[in-house]
Amino acid sequence: MTHVSTLAPPTVTQPGTAERTRSRHPLAVALGLFALARLTGLAVLAATAWATGHHPLTLLGRSWDSRWYLGIAAHGYGHTLHPRPGVVYSDLAFFPLYPALVRAVSEAGPLGGPAAGLLISWTAAAAAACGIYAIGARLHGRAVGTALVLLWALLPHSVVLSMAYTEPVLTAFAAWSLYAVLSRRWLWAGTLAALAGLSRPNGFAVAAAVLATAAYEIFQTVRRRRKVTHSLWTGAALAPLGWLAYALWVGHRRGDLLGGYFAVQRGWGSTFDLGRGSLRFARHVVLQGDRLVFPMTLLIVAAAALLYALLLLDRPPLPLALYTAVLLLITLGGSGFFESKPRFLLPAFPLLLPLARALVRTARARPWHAVAVTGALAGLSFAYGAYLVVLADTPL
């Protein structure tokens, strides 16, 4: 169960003089570890790419979905592909904020589309790391905030944070929107949730968390016979506008206001079937085997479900529990592109809170054990990331 009080002040007391002396700039430490992890991963990827005759920046900036975003940034919407009968890939499936940013950066300076996309993704990843640290430190202290950022940087699919993809942008808006909810800054929460909704289809998870938490806060306020503030009403109203605006625009463009966007997704083979398609594919992987990407996906998704159970046992604040639940529901309940599910879960950083707390406890009791665990996670992340981008030839 989650906390009844979803917006409680931080539970951690101020650190003592000795702790302040040891770490005067904890956010800088967290960002430094994040940068070190991602730069090391990039070095491994670059070495693998050069060894196989590829250019690493081309792979990072022009792989899979990146090419769709670059096309939208350069030419606008309207491109479709027909790979096989009954399948229609339309660029309307891709939300507009990221290509709009790519276009703005490209037109404002000397960078081309791929370089602009990478600059935006890397900047967003750093902003996301700051927001993730802020949430972890608010709930459980600075050490847990730092561990949370490090674990996020070392996820098996964290190589996506270094690519021209939208997950860093969504995670940045999500983290800071959720932090704004925890600190009762409702206008910021709603505005950032609306921007998250313009970033990716699963950005609706941020709006859902803000709306549900705002509804709970409004109910409690009315029950106590107090006045609901204007900022609370406005923040709640703003939260879903980004996602709804784009979905309705696609529907209008397709001549089906309410169903047009979902028709576009069906053309890609993406439907919400409560997980039936995913279960069928998982059964195929277990019984018949497949390329490494697919059993790894199955393990990562199963681990995510287990981590969510552990997160609930820790009784997290309501917005974090709801946000993560919606991301999991979209990922597990959706059919199509099974290999992309770990990427869809990258923004679900609250799943790592139980692991971050355990890592901090281990580091204090048995430092070398924590180093060994972190090293193993780093080795897996760097090697698997290079495999995914350079060798796997599978959509991320």
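Remarks
- Odd one out for LEU111 among (1) among the hydrophobic types (A, V, I, L, M, F, W, C); (2) part of a helix (DSSP H, G or I); (3) surrounded by fewer than 17 Cβ atoms within 10 Å (Cβ to Cβ): (2)
- Options ARG357, ARG361; residue that is over 17 Å from the mean Cα position of the chain (by Cα), modelled with pLDDT of 95 or more, under 26 Å from ALA172 (Cβ atoms) and assigned to a helix (DSSP H, G or I): ARG357
- Selection from region 1-53 of residues that are surrounded by fewer than 17 Cβ atoms within 10 Å (Cβ to Cβ), modelled with pLDDT of 60 or more and in a helix (DSSP H, G or I): ALA28, GLY32, ALA35, LEU36, LEU39, THR40, ALA43, ALA47, TRP50, ALA51
- Which numbered condition ALA372 fails, given (1) assigned to a loop (DSSP other than H, G, I, E, B); (2) open to solvent by 50 Å² or more (accessible area, probe 1.4 Å); (3) of a type outside the set (Val, Ile, Thr): (1)
- The sole residue among LEU274, LEU257 that is farther than 23 Å from LEU327 by Cα and surrounded by fewer than 17 Cβ atoms within 10 Å (Cβ to Cβ) is LEU257.
Table: residues versus (1) more than 18 Å from the chain's Cα centre (by Cα); (2) exposed (fewer than 15 other Cβ atoms within 10 Å of the Cβ).
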residue	(1), (2)
HIS55	yes, yes
ALA73	yes, no
GLY76	yes, yes
HIS79	yes, yes
VAL87	yes, yes
PHE94	no, no
ALA104	yes, yes
GLY117	no, no
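- Flag for THR213 being within 26 Å of the chain's Cα centre (by Cα), farther than 28 Å from ASP91 by Cα, buried (at least 20 other Cβ atoms within 10 Å of the Cβ) and of a type in the set (Ser, Thr, Tyr): yes
- Members of region 316-337 found to be of a type outside the set (A, V, I, L, M), crowded, with 21+ Cβ neighbours inside 10 Å, more than 13 Å from the chain's Cα centre (by Cα) and part of a helix (DSSP H, G or I), listed by number: PRO319
- Of the residues screened, PRO168 is not one that is out of contact with any Asp or Glu (no Cβ under 9 Å at 6 or more places or on another chain), within 26 Å of ALA100 (Cα to Cα) and open to solvent by 10 Å² or more (accessible area, probe 1.4 Å).
- Of all residues in region 139-188 being outside any helix (DSSP H, G or I) and under 18 Å from PHE94 (Cα atoms), the one that is nearest to the chain's Cα centre (by Cα): THR166
- Residue identified as within 30 Å of ARG184 (Cα to Cα) and either crowded, with 17+ Cβ neighbours inside 10 Å or more than 17 Å from the chain's Cα centre (by Cα) (or both) among LEU351, LEU396, LEU299: LEU351
- Hey, TYR261 part of a helix (DSSP H, G or I), out of contact with any helix residue (DSSP H, G or I) (no Cβ under 6 Å at 6 or more places or on another chain) and in contact (Cβ under 8 Å) with a residue 12 or more places away in the chain or not: no
- If the condition is being polar (S, T, N, Q) and in contact (Cβ under 8 Å) with a residue 60 or more places away in the chain, then region 211-247 contributes only THR213.
- Listed by first and then second residue, the pairs linking a residue in region 158-187 that is touching a residue at least 12 places away in the same chain (Cβ under 8 Å) to a residue that is of a type in the set (Asp, Glu), with Cβ atoms under 8 Å apart and 6 or more places separating them unless they lie on different chains, are VAL160/GLU167; LEU161/GLU167; TYR165/ASP65; THR166/ASP65.
- Conditions (1) part of a helix (DSSP H, G or I); (2) hydrophobic (A, V, I, L, M, F, W, C); (3) closer than 30 Å to SER177 by Cβ; (4) in contact (Cβ under 8 Å) with a residue 12 or more places away in the chain: number failed by ALA386: (3)
- Looking only at residues of region 302-315 that are under 27 Å from ALA214 (Cα atoms) and within 18 Å of the chain's Cα centre (by Cα), we find that the one that is surrounded by the fewest Cβ atoms within 10 Å (Cβ to Cβ) is ALA305.
- Qualifying residue in region 123-138 (condition: surrounded by fewer than 22 Cβ atoms within 10 Å (Cβ to Cβ), touching a residue at least 60 places away in the same chain (Cβ under 8 Å) and among the hydroxyl-bearing types (Ser, Thr, Tyr)): no
The values are calculated or read from the model by the stated rules, or taken from the named source; none is laboratory data. Computed from a predicted structure; not experimentally measured. Reconstructed Cβ throughout: ideal geometry from the backbone, glycine too, with neighbour counts over all protein chains shown. We work out accessible area using only protein heavy atoms, side chains counted, and drop any ligands, DNA or RNA first. Shrake-Rupley method; radii C 1.70, N 1.55, O 1.52, S 1.80 Å.
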